[in-house]
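See below for the structure under consideration.
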Amino acid sequence: MTDRPVVLIPRKLTAAVLERANENYNVIVNDDDHVFPREELIAACQNVDAVLPCHSEHFSADVIAALPDRLKIIANHSVGVDHVDLDAAKARGIVVTNTPDVLSDATAEIAILCMLGAARRGSEGDRMVRDGRWNFWSPAFMVGRQVTGRRFGVLGMGRVGQVTADRARGFGMEVHYHNRSRLSPDKEKGAIFHDSVESLLAVSDVLSLHCPTTPDTIGMINADTLAILPDRAILVNTARGALVDEDALIAALKSGRLFAAGLDVFRTEPGGNPELASLENVFMLPHIGSATFETRDAMGFRALDNLDAFFSGGAPIDRLV
Ligand code: DGY
């Protein structure tokens, strides 16, 4: 079947996703799951009609310029698309899609894990027991912050932000949010809208980041904005590391002004930030917000839905470019 589109899948996807991909496409997979360096990514794309990458494949403007004319669509296996230069793709006439909705529950779970891990000193306690250093108990031992009844600030009230807000309501938290536009009352569910980032930050006992990385949002959590948070607030980031100035975050954590941070994403990935890792009041995970069996299938299927729509001459539902 030579007329089937050829699709490059550069990372290891689930068996169910690969099985479905093989039904309609001639699939090229990267069997050992290594991250293609720039040159290898370009080379691997030369004889394909489509690519189904993750956020680990960087389609910068120069990579996109080197793609062949036959490659017509980048169907991402991610909701975030900061790894793709959308303007460059548009200029080349390459369609770009993502996978919204299907990862909102999984990512909200990780946001709540990060909140609780930070508030209740999860990493510190785990390390202490694991390392055999737990030789003491007192009412004054390992005391953390209770989140029940506190104010939960959501920066970016999109799909993940809304589900995370729902979960926070389960802890009796009062939800506040800032978003480019105010939500309708049925989506707002009583959450308090703030028309500026500063106004939101001033009331956020816990601040959870859920906005995309854009030139406007890169570094938006910095020394100035961290200073607006209430004393001993908690920062949660499950969106993208680039939103946060990590040096300013480290300073706020060291000074105690910020009680703790729960982070699933970092400026440098993989790897993270060794100085953040040296602080007891940071709860950290290795970018696993969407990493559940159910969600990995759903993300792959959603990316395939977009490919199917494109190659059948329809409109992919998640078309960004
Ligand atoms: C996303 O979908 O953007 C997640 O961060 C995983 O890539």
Q | For G144, net neighbour charge (Lys/Arg +1, Asp/Glu -1) across residues whose Cβ lies under 15 Å away | A | +2
Q.
Suppose every Lys and Arg Cβ carries +1 and every Asp and Glu Cβ carries -1, with no other charges. What dipole size does the chain come out with about its Cα centre, to the nearest 20 debye?
A. 840 debye
Q) From the phi of every residue in the range 41-58, what ³J(HN,Hα) in whole Hz does the Karplus formula 6.51 cos²θ - 1.76 cosθ + 1.60 yield, where θ is phi - 60° and glycine or proline is x? A) 5, 4, 4, 5, 8, 5, 10, 10, 8, 8, 10, 10, x, 9, 6, 7, 9, 9
Q) Which one of I221, A252, L320 is farthest out on the positive end of the charge dipole of the chain, using unit charges on Cβ (Lys, Arg +1; Asp, Glu -1) and the Cα centre as origin? A) A252
**Q.** Heavy-atom accessible area order for K12, K189, largest first, 1.4 Å probe
**A.** K12, K189
Q: In whole Hz, with x marking every Gly and Pro, tabulate ³J(HN,Hα) for the range 277-287 from phi via Karplus 6.51 cos²θ - 1.76 cosθ + 1.60, θ = phi - 60°.
A: 5, 7, 8, 5, 8, 10, 9, 10, 9, x, 6
Q: Considering the options I74, P212, L18, tell which one lies farthest towards the positive end of the dipole of the chain, charges being +1 on Lys and Arg and -1 on Asp and Glu at the Cβ, about the Cα centre.
A: P212
(Q) Just to compare against my own numbers: the Cα pair-distance distribution for the chain, 10 Å bins, whole % per bin, please. (A) 6, 25, 30, 22, 13, 3, 1, 0
Q. Between E275 and D3, what is the FRET efficiency for a Förster distance of 45 Å, r being their Cβ-Cβ separation, to the nearest 0.05?
A. 0.25
Q. Say R0 is 22 Å: what FRET efficiency, to the nearest 0.05, do R257 and S199 get from their beta-carbon distance?
A. 0.70
Q.
From the phi angles alone, apply the Karplus equation (6.51, -1.76, 1.60; θ = phi - 60°) to the range 66-75 and give each ³J(HN,Hα) in whole Hz, x where the residue is Gly or Pro.
A. 8, 6, x, 4, 6, 7, 10, 8, 10, 9
Q: With +1 on each Lys and Arg Cβ and -1 on each Asp and Glu Cβ, and nothing else charged, work out how big the dipole of the range 24-136 is about its Cα centre, in Debye to the nearest 20.
A: 360 debye
**Q.** Mean residue ellipticity (222 nm) of the chain, computed from DSSP H runs ≥ 4 via -39,500 (n - 2.57), nearest 500
**A.** -9500 deg cm²/dmol
Q: Could you check the simple spin-label distance between T268 and I192, using points 7 Å along Cα→Cβ, in nm with one decimal?
A: 4.0 nm
**Q.** Mean separation of Cα contacts under 8 Å, 6 or more apart, over the residue count of the range 1-143: relative contact order %
**A.** 17 percent
Q: Towards the positive end of the charge dipole of the chain, with charges on Cβ (+1 Lys, Arg; -1 Asp, Glu), say which of V143, S181, N273 has the farthest Cα.
A: V143
Q) Which percent of Cα pairs goes in each bin when the distances of the range 104-284 are cut into 10 angstrom slices starting at zero? A) 10, 40, 36, 12, 2, 0
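The values are calculated or read from the model by the stated rules, or taken from the named source; none is laboratory data. The shown structure was predicted, so the numbers you read here are calculated from the model rather than taken from an experiment. Positions of Cβ are generated from backbone atoms using ideal geometry, with glycine treated the same way; all protein chains shown enter the neighbour counts. Side chains included, ligands, DNA and RNA excluded: accessible areas come from the protein's heavy atoms. Shrake-Rupley method; radii C 1.70, N 1.55, O 1.52, S 1.80 Å.
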